[in-house]
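*Asks:* Please find one structure pasted underneath; my questions will follow.
The values are calculated or read from the model by the stated rules, or taken from the named source; none is laboratory data. Please read all numbers here as calculations on a predicted model, not as lab measurements. We place every Cβ from the backbone using ideal geometry, glycine too, and count neighbours over all the protein chains shown. These accessible areas exclude ligands, DNA and RNA; they are computed on the full protein's heavy atoms, side chains included. Shrake-Rupley method; radii C 1.70, N 1.55, O 1.52, S 1.80 Å.
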Amino acid sequence: MTENLSQAKEVPGLGNFRKSFFPRAAPGKAMLGVAIFSAFMAVVEFVSALSKYFKPPSTVLSDSYRQDSIMIAAILSLIFFLLTIIMCALYYVHKKHRVDLFDGGVVIVTWRGSITFDWENIYDFEAMPIYGRSTRPINWEYTLTRDDDVKAKFRGLEGLRTLGNYIEKKVS
């Protein structure tokens, strides 16, 4: 976290650093939990396929049953392995997302890089509520557009509504 703050203070032309807004913890924990579970199940299914492969054929059941069970275990192992990779990638993307607030603008950081928005260069600011199973918004998606039509979206951050209200006051 100290590294992020020191990097954030080095943005030229934006003034003093105020605050960083990081992703909410619950979605990251869920993705990491699913990745760990999927990795465990991939190992279990792979070991199951290997044990069935090296076990001698049964005299009661046909050999096609044994071959099918080996194939099913191997396919499940591959599916769980792919799910593990996907969940790890999503977790990485989730953890790398943040918004740094400065006196002169904001910097939106993602896994791809960062985009700087000065207050005077923001052309459009949109706030779209995201509804769950009720009539009350459960999250917000904010879109900033610069004068050169560069857009950036962000949502799912701790203290997001506070950040949105602050940006709205600065832009209008």
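*Asks:* Among Y131, G164, N121, whose Cα projects farthest towards the positive end of the dipole of the chain, with charges put on the beta-carbon of Lys, Arg (+1) and Asp, Glu (-1)?
*Replies:* Sorting the options by dipole projection puts first Y131.
*Asks:* Would any residue of the range 15-56 have its amide N under 11 Å from a label point 7 Å out along Cα→Cβ of I86? List them or say none.
*Replies:* none
*Asks:* Go ahead and run the numbers for FRET between I115 and L50, Cβ-Cβ distance against an R0 of 41 Å, rounding to 0.05. Don't skip to the end; give the middle numbers.
*Replies:* Working: r = 48 Å, r/R0 = 1.17.
Using R0 = 41 Å, I get an efficiency of 0.30.
*Asks:* Still on this model: Given Cα pairs under 8 Å that are at least 6 residues apart, what percent is the relative contact order of the chain?
*Replies:* 23
*Asks:* Further, regarding this structure: Based solely on its DSSP helices, what 222 nm [θ] is calculated for the chain when runs of n ≥ 4 H residues each add -39,500 (n - 2.57) and the sum is averaged over all residues, nearest 500 deg cm²/dmol?
*Replies:* The per-residue figure over the chain is -16500 deg cm²/dmol.
*Asks:* In debye, nearest 20: dipole of the range 1-160 around its Cα centre with unit charges on the Cβ of K, R (+) and D, E (-)?
*Replies:* Details: 18 positive and 16 negative charges, 149 e Å.
I would put it at about 720 debye.
*Asks:* Considering the convex hull of the alpha carbon atoms of the range 1-160, report its projected area averaged over all viewing directions, in nm², one decimal.
*Replies:* On the way: hull surface 57.6 nm².
Convex hull of Cα atoms, orientation-averaged projection: 14.4 nm².
*Asks:* List the DSSP H helices in the chain whose Cα atoms stretch 20 Å or more along the helix axis and whose mean Kyte-Doolittle hydropathy is at least -0.5. Don't jump to the answer; show the numbers that get you there.
*Replies:* Values: long enough: 25-54 (44 Å, 1.30); 63-96 (50 Å, 1.01).
For the chain, where a helix must reach 20 Å along its axis and average at least -0.5, the hits are 25-54, 63-96.
*Asks:* Would you mind getting the accessible area per residue of the chain, heavy atoms of the protein chains only, 1.4 Å probe, in Å²?
*Replies:* Details: 11350 Å² over 172 residues.
Per-residue value: 66 Å².
*Asks:* Give a quick list of trypsin sites (Lys or Arg not before Pro) in the range 64-172 that DSSP marks as loop, anything other than H, G, I, E or B, with at most 13 other Cβ atoms within 10 Å. Walk me through the intermediate numbers first.
*Replies:* Numbers: sites: R66, K95, K96, R98, R112, R133, R146, K151, K153, R155, R161, K169, K170; in loops: R112, R133, R155.
Filter output for the range 64-172: R112, R133.
*Asks:* Where does the range 17-96 land on the Kirkwood hydrodynamic radius, alpha-carbon pairs, in angstrom?
*Replies:* Roughly 14.8 Å, rounded to one decimal.
*Asks:* Placing +1 at every Lys and Arg Cβ and -1 at every Asp and Glu Cβ, with all other atoms neutral, what dipole size does the range 9-93 have around its Cα centre, in debye to the nearest 20? Please report the intermediate quantities before stating the final value.
*Replies:* Numbers: 8 positive and 4 negative charges, 106 e Å.
Here the size comes out at about 500 debye.
*Asks:* K19: which lysines have alpha carbons under 28 Å from its alpha carbon, excluding same-chain residues fewer than 8 sequence positions away?
*Replies:* Candidates past the 8-residue exclusion: K9, K29, K95, K96, K151, K153, K169, K170.
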